[in-house]
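Here's the structure we're looking at; comments come further down.
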Amino acid sequence: MAQIGYSEKVMEHFMNPRNVGTIENPDGYGKVGNPVCGDVMEMFISVEDDTISDIKFRTFGCGSAIATSSMVTELAKGKHIDEAMEITRKDVADELDGLPPRKMHCSNLAADALHGAIEDYKSKKVGK
Amino acid sequence: MRQIYLDHVSAMPIDPRVLAFAKRYVTNDFGNPSSLHSAGLTAKRAIEDARQRVAELINAEDETCIIFTSGATESNNMAIKGTALRNIRKGKRVAASAIEHISVLNPAKELQKSGFELTLIPVDQAGIVDIGKLADILTEDTTVTSIMYANNEIGTIEPIEAIGEIVHEKGLYLHVDATAAAGRIPIDVQNDGIDLLTMSSNDMYGPQGGGALYIKPGVKLQPILPGGGQERGLRSGTENLFAIAGMGEAARIAKDEMGPESERLKGMRDQLIDEISKIEESYLTGHPTQRLPHHASFRFSRIEGESILLNMDMYNIQVATGSACTSRTLEPSHVLLAVGLKHEEAHGSMVMTLGRSNNAGELPIITKAVKETVQRLRILTPM
């Protein structure tokens, strides 16, 4: 059953999202969106030697909000934080074989949540 | 997985009997009703028969009160713009309930550009027009007041008879959009004091691309589609013979079968409402009893409607939502906001509308799928 507007890959990630959940005492935490707009994403990361060793997410939102969150965790896991910072919204959409045009902005905030988590990690590290 | 279609408010199948009846008007009896030869007369007769059937469905004074259109959107445009522009001497104001369909609200907004005022009539939390306030809100310069018979998103049936009395005490015209109600519940335009009534063919198992507007004798309208002068000069364009004949047959069947069918659907609807309301943080939207017999609508906290729709589709169950994520404007449904829901609450809506294809055996499958869907999406949510 292909959904009109969504690629099969989006639907696959929507139905079987990777890395769902939370990390207790994460090294970095990022949250974007707000419930009024209909999308909220939070991202938890564990970092070892500046490499993302574990990543989890939770998302309130539409199909593409969930799929992009899942995809960004796959892309970021195992990557050096500098590399992970370079993951863009477009990369996420491309990896999912594209998103419908009107979904490109509001429900494609997952990369922002990831960047937020990395910034949080960096700021904590400086503080240490 | 067998399909369970629960989105009859969006599109309906054509009744096989309607198809069998109307087919000849695109194959053998395809004449132009304006032609004077025998093929034209056959077509003309089919249209007049259909007009009679549609008039009977709503107890119109006679069949000449019915004008065929291309569907509910055109009927609503005609009722709002046609009446306002023709009666401009009375004033430059139109009134509509805050939960009207966009094909009522947008023509009204278009009139605002040419100097008309739009009065929005508020509704309560169940979606019922505030009758107490109505008399104060409606001013003498209102050319047309539009209040729907029943709402497509929350199922609420409006107290049209009482509304009609108030509108007429003020000497104003009442337009009623009965797209979701016609063919589902009994409508009596004379008893309800309705001046203009919108109907859709497909919403009563007729062909798509067909609709009608009832116009009470004496109500004056300006045509919005000028041309060859068909439909008493009010709606030009060669008649859509297939859709019109089909709509007539659909109206006849609806009138015959409405009683037992709505009882059957009401039983299923109430079971759905009972079961789904047991889910934690789930709420019925619309009125608990004054609602369409086939309509069950809900909202769920902390999850989003498009995700609900997609997840239900994985069970091959089709539902609708008023979530912003599925709308062209990315704004949540104006109906859900008008009944007082916050944006974040309106995002989590789900609408189920039953039809002839549904049966009680499907109920456990549907409720199980809803429970699993809500549970899964709540695991994902950070809220």
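Taking chain B as a Gaussian network, Cα atoms linked when under 10 Å apart, which of B:Gly193, B:Gly248, B:Gly227 shows the biggest mean-square fluctuation?
B:Gly227
Could you give the dipole magnitude of the protein assembly as shown about its Cα centre, charging the beta-carbon of Lys and Arg +1 and that of Asp and Glu -1, in debye to the nearest 20?
For the protein assembly as shown, the charge dipole is close to 860 debye.
Among A:Lys103/B:Lys92; A:Lys122/B:Lys371; A:Lys56/B:Lys371; B:Lys255/B:Lys342; B:Lys44/B:Lys220, which pairs are too far apart, with a Cα-Cα distance over 30 Å?
Over 30 Å apart, Cα to Cα: A:Lys103/B:Lys92; A:Lys122/B:Lys371; B:Lys255/B:Lys342.
So what is the diffusion coefficient of the protein assembly as shown in µm² per second by Stokes-Einstein at 10 °C and 1.306 mPa s, using a Kirkwood Rh over Cα pairs?
So the translational diffusion coefficient is about 64 µm²/s.
Return the sequence-ordered ³J(HN,Hα) values of the stretch B:75-83 in whole Hz as given by the Karplus equation 6.51 cos²θ - 1.76 cosθ + 1.60 applied to θ = phi - 60°, using x for Gly and Pro.
Once rounded to whole Hz, the list reads 4, 5, 4, 5, 5, 6, 6, x, 6.
Where the only charges are on Cβ atoms (+1 Lys, Arg; -1 Asp, Glu), what is the dipole of the stretch A:2-123 about its Cα centre, to the nearest 20 debye?
The dipole of the stretch A:2-123 has a size of about 580 debye.
Pick from B:Asp274, B:Asp195, B:Asp177: which is most flexible by mean-square fluctuation in a GNM of chain B where alpha carbon atoms under 10 Å apart are linked?
B:Asp274
For the stretch B:207-218, in order, what is each residue's ³J(HN,Hα) by Karplus, 6.51 cos²θ - 1.76 cosθ + 1.60 with θ = phi - 60°, in whole Hz (x at glycine and Pro)?
x, 6, x, x, x, 8, 10, 7, 10, 4, x, x
Considering just Cα atoms, how many Å³ per residue does the convex hull of the stretch A:1-50 enclose?
Convex hull of Cα atoms, per residue: 127 Å³.
Which part of the stretch A:41-59 falls in the paramagnetic zone of B:Glu372, meaning amide N under 15 Å from the point 7 Å along Cα-to-beta-carbon?
Under cut-off, by backbone N: nothing.
Step by step: find N for the stretch A:36-92, compute 2.2 N^0.38 Å, then divide the Cα radius of gyration by it. What's the final number?
Rounded to two decimals, the normalised Rg is 1.15.
For the stretch A:35-80, report the accessible area per residue in Å² (1.4 Å probe, heavy atoms, rounded to an integer).
Accessible surface, normalised per residue, equals 27 Å².
Just the Cα atoms of the stretch B:72-192, one point each, no solvent: what log10 I(q)/I(0) does Debye give at q = 0.13, 0.14, 0.15, 0.18 Å⁻¹?
With one equal scatterer per Cα and no solvent, log10 I(q)/I(0) is -0.45, -0.52, -0.60, -0.89.
Quick one: which residues, 5 or more positions from B:Arg93 or on another chain, have an amide H under 5 Å from its amide H? H modelled 1.01 Å from N in the peptide plane, none for Pro or chain starts.
B:Glu117, B:Thr143
What ranking of B:Asp29, B:Asp7 comes out by heavy-atom accessible area, probe 1.4 Å, highest first?
B:Asp29, B:Asp7
Per residue, how large is the accessible surface of chain B? Use a 1.4 angstrom probe and give square angstrom.
For chain B, the per-residue accessible area is 39 Å².
At q = 0.20 Å⁻¹, what base-10 log of I(q)/I(0) does the Debye formula yield for the stretch B:175-257 when every alpha carbon is treated as an equal point scatterer in vacuo?
Summing over Cα pairs of the stretch B:175-257 leads to -1.00.
Of the heavy-atom accessible surface of the stretch A:6-81 (probe 1.4 angstrom), what whole percent is carbon and sulfur?
Within the stretch A:6-81, the accessible surface is 43 percent carbon and sulfur.
What angle do you read, to the nearest 10 degrees and between 0 and 90, between the alpha-carbon axis of helix A:63-76 and the longest principal axis of chain A?
Result, in degrees: 40.
How far, in nm, would the chain grow between B:Arg232 and B:Thr119 when pulled straight, counting 0.36 nm per residue and subtracting the alpha carbon separation?
This chain segment gains 37.6 nm when fully extended.
Quick one: of the DSSP bridges fully inside the stretch B:16-253, what percent are antiparallel, nearest 5?
That works out to approximately 40 percent antiparallel.
Quick one: which residues, 5+ away or cross-chain, put their amide H under 5 Å from the amide H of B:Asp177? H built at 1.01 Å from N.
B:Ile147, B:Met148, B:Tyr149, B:Thr198
How far apart, in nanometres, would the label points at B:Ala162 and A:Asp49 be if each is projected 7 angstrom from Cα along the Cα-to-Cβ direction?
It is 7.5 nm.
Using the Cα centre as the reference, give the magnitude of the dipole from point charges on the C-beta atoms of chain B (Lys, Arg: +1; Asp, Glu: -1; all else neutral), rounded to the nearest 20 debye.
For chain B, the charge dipole is close to 780 debye.
Calculate the radius of gyration of the Cα atoms of the stretch B:1-112 to one decimal place, then report Dmax, the largest Cα-Cα distance, as a whole number, both in Å.
When restricted to Cα atoms, the stretch B:1-112 yields Rg and Dmax of 18.7, 60 Å.
Provide the buried accessible surface between chains B and A in square angstrom, both chains summed, 1.4 Å probe, rounded to the nearest 100.
Looking at B and A, the buried total is near 2200 Å².
With Rg and the Kirkwood Rh both taken from Cα atoms, where does Rg over Rh land for the stretch B:16-253?
Answer for the stretch B:16-253: 0.98.
Sticking with the crude label model, points 7 Å out along Cα→Cβ, report the distance from B:Met383 to B:Glu331 in nm, one decimal please.
Label-label distance for B:Met383 and B:Glu331, simple model: 2.0 nm.
When the accessible area of the stretch B:16-253 is computed with all protein chains present and a 1.4 Å probe, what percentage of it is carbon and sulfur?
Result for the stretch B:16-253: 51 percent of the exposed heavy-atom area is carbon or sulfur.
Kindly state, to the nearest 0.05, the FRET efficiency for B:Lys278 paired with B:Ile88, given R0 = 60 Å and r defined as their beta-carbon distance.
Taking R0 as 60 Å, the efficiency between B:Lys278 and B:Ile88 is 0.65.
Which parts of the stretch B:334-361, residue by residue, lose 20 Å² or more of accessible area when the rest of the protein chains are there, as against the chain isolated (1.4 Å probe)?
B:His343, B:Glu344, B:His347
Measuring from the lowest to the highest alpha carbon on each principal axis, how far does the stretch A:2-123 reach, largest first, in angstroms?
Here the Cα extents, ordered largest to smallest, are 43, 28, 22 Å.
Among A:His80, A:Phe57, B:Gln112, which residue has its Cα furthest toward the positive end of the charge dipole of the protein assembly as shown, with +1 on Lys/Arg Cβ and -1 on Asp/Glu Cβ?
B:Gln112
Have a look at the DSSP beta bridges in the protein assembly as shown and tell me what percent are antiparallel, nearest 5.
The antiparallel proportion sits near 65 percent.
Return the loop-located trypsin sites (Lys or Arg not before Pro) in the stretch B:208-275 (DSSP other than H, G, I, E, B) with at most 14 other Cβ atoms within 10 Å of their own Cβ; answer none if there are none.
Those that pass, being in a loop and sparsely packed, are B:Lys220.
Put one equal scatterer on each alpha carbon of the stretch B:187-229, apply the Debye formula with no solvent term, and list log10 I(q)/I(0) at q = 0.27 1/Å to two decimals.
-1.00
Given the protein chains as shown and a 1.4 Å probe, how many square angstrom of B:Met204 are accessible, to the nearest 10?
The value for B:Met204 is about 10 Å².
The values are calculated or read from the model by the stated rules, or taken from the named source; none is laboratory data. Since the structure is predicted, the reported quantities are computational estimates derived from the model, not experimental observations. Cβ coordinates were reconstructed from backbone atoms using ideal geometry, including for glycine residues, and neighbour counts include every protein chain displayed. Surface areas here come from the heavy atoms of the whole protein model, side chains and all, with no ligands, DNA or RNA. Shrake-Rupley method; radii C 1.70, N 1.55, O 1.52, S 1.80 Å.
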